[in-house]
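Below is one structure; the comments refer to it alone.
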Amino acid sequence: MAAVSSMNKMYGVCFHAVRQTAGLRASRLLQHRAFRSSAAHWQQPFDSSLEKPQFPGASAEFVDHLEFIQPNVISGIPVYRVMDRQGNIINPSQDPQLSKETVLNFYQKMTLLNTMDRILYESQRQGRISFYMTNYGEEGTHIGSAAALDPNDLVFGQYREAGVLMYRGFPLDKFMAQCYANADDLGKGRQMPVHYGSRDLNFVTISSPLATQIPQAAGAAYAVKRENINRAVICYFGEGAASEGDAHAGFNFSATLECPLIFFCRNNGYAISTPTNEQYRGDGIAARGPGYGMLSIRVDGNDVFAVYNATKEARRRAVAENQPFLIEAMTYRIGHHSTSDDSSAYRSVDEVNYWDKQDHPISRLRHYMTARGWWSEDDERSWRKQSRKTVMEAFETAERRLKPNPELLFTDVYLEMTPSLDKQREALWRHVQQYKEHYPLDLYDK
């Protein structure tokens, strides 16, 4: 009986525990159902169209259809201009309202550059200098941009920016000295002709390798930014140089480092003999700016006022906002690429004549001045005669000047002459003394 009684008690305890567990489960189930019912009542339907991409590499929206971006997504970037081909102001609000003296200075610098080009080009053809590159047809890009800069701004040129240096005050005798590589040459006769430079005028010496100045300008602009001064950097290049890898590096560095830099592209139609339709498939160079996050503009490079306005505003914002700007100046290279080139092999005379006679930056500005009574036929004849005389005087002086001292071959590399360099120097003079009939040392500066 005791055993039966003990079993009944154990059964009762177990039955009570089972009832408690079942009750707890039922209670939890009811609570869970109530939660689901409540959540279903309050939760809104999911809408995938409201999702936003969170990828760190780009800012965009999701789409649900397959479509490749067309090359002309930025189609036909417009060309900003102020004057038409007859020198008429199109929109008065865009007239820079420059003084008569300033406009006359523009014109005289553009025509002086043109005159210097003609004389030095002919001197190379006569064997007097070894090489030359003219600036025919691109004078407006030089003078318009140079006038919009501060004298303290740093300039990186390619090799067709002589007008920029001329506007800054580089004298004719220094141009001539460089092309003749005489004793007055600031580069001491070590560079090819047209490879100008001037520390005093903040113009970095030109180097022959194409596009090397572009990443260098980005580095200089980053240094300027760190100095936190009112200064900008401008970098000139042609559309051909924009095909070099250095252009990508310079664009990307300047944008990501937020540098006060103006990229000034002279799109003159040809990279030596390669026309633009064989250089790229996109819409010129300005279309590349947005891909790097740069503000860009395309201007009429034969309109000196349009170039001036665009460069001035780009310069102002580059300094104020610490960001790079890309200016594509549409122009035309009327001359041969250089004295090593014959452009008649790849373009027609009629094509060149159109740009020379119908849409030249010098004639456009002259129309503007003539319409205002600022310039006459007498003024033109007098100035052309005077400017040619001035250029010829500098030319003749440079031609008579002695060449640099040969000892300068060994200077400006090391602070003190190294043993190997000293041996080279001794070997040179032994050679010169042995064959002195071939080395007219009286033509060299002592």
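The values are calculated or read from the model by the stated rules, or taken from the named source; none is laboratory data. Just so you know, these numbers come straight off a predicted model, no measurement behind them. Glycine also receives a Cβ, built like all others from the backbone with ideal geometry; neighbour counts cover every protein chain displayed. Surface areas here come from the heavy atoms of the whole protein model, side chains and all, with no ligands, DNA or RNA. Shrake-Rupley method; radii C 1.70, N 1.55, O 1.52, S 1.80 Å.
Data for the structure
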quantity	calculated
Residue count for the range 91-120, restricted to those that are open to solvent by 40 Å² or more (accessible area, probe 1.4 Å) and either within 18 Å of residue 360 (Cβ to Cβ) or at pLDDT below 95 (or both)	3
Residue 304 being open to solvent by less than 20 Å² (accessible area, probe 1.4 Å), more than 30 Å from residue 217 (Cα to Cα), in contact with a Leu (Cβ under 7 Å, 6 or more places away or on another chain) and of a type in the set (Val, Ile, Thr)	no
Leading residue by the ranking (least open to solvent (accessible area, probe 1.4 Å)) among those in the range 54-87 that are of a type in the set (Gly, Ala, Ser) and farther than 25 Å from residue 284 by Cα	87
Hits in the range 224-249 (condition: over 13 Å from the mean Cα position of the chain (by Cα) and open to solvent by less than 50 Å² (accessible area, probe 1.4 Å))	224, 231
Scan of the range 110-166 for residues that are among the hydroxyl-bearing types (Ser, Thr, Tyr) and either assigned to a loop (DSSP other than H, G, I, E, B) or under 16 Å from the mean Cα position of the chain (by Cα) (or both), ordered by number	130, 132, 134, 136, 141, 145, 159
Every residue from the range 316-355 that is hydroxyl-bearing (Ser, Thr, Tyr) and touching a Pro at 6+ places or on another chain (Cβ under 8 Å)	331, 346
Scan of the range 384-416 for residues that are crowded, with 16+ Cβ neighbours inside 10 Å, in contact with a helix residue (DSSP H, G or I) (Cβ under 8 Å, 6 or more places away or on another chain) and outside any helix (DSSP H, G or I), ordered by number	401, 403
Long-range neighbours under 6 Å by Cβ, at least six apart or interchain, first residue closer than 20 Å to residue 290 by Cα within the range 58-69, second modelled with pLDDT under 90	60/53
Subset tally (residues that are outside any loop (DSSP other than H, G, I, E, B), within 22 Å of residue 320 (Cβ to Cβ) and open to solvent by less than 10 Å² (accessible area, probe 1.4 Å)) for the range 250-273	7
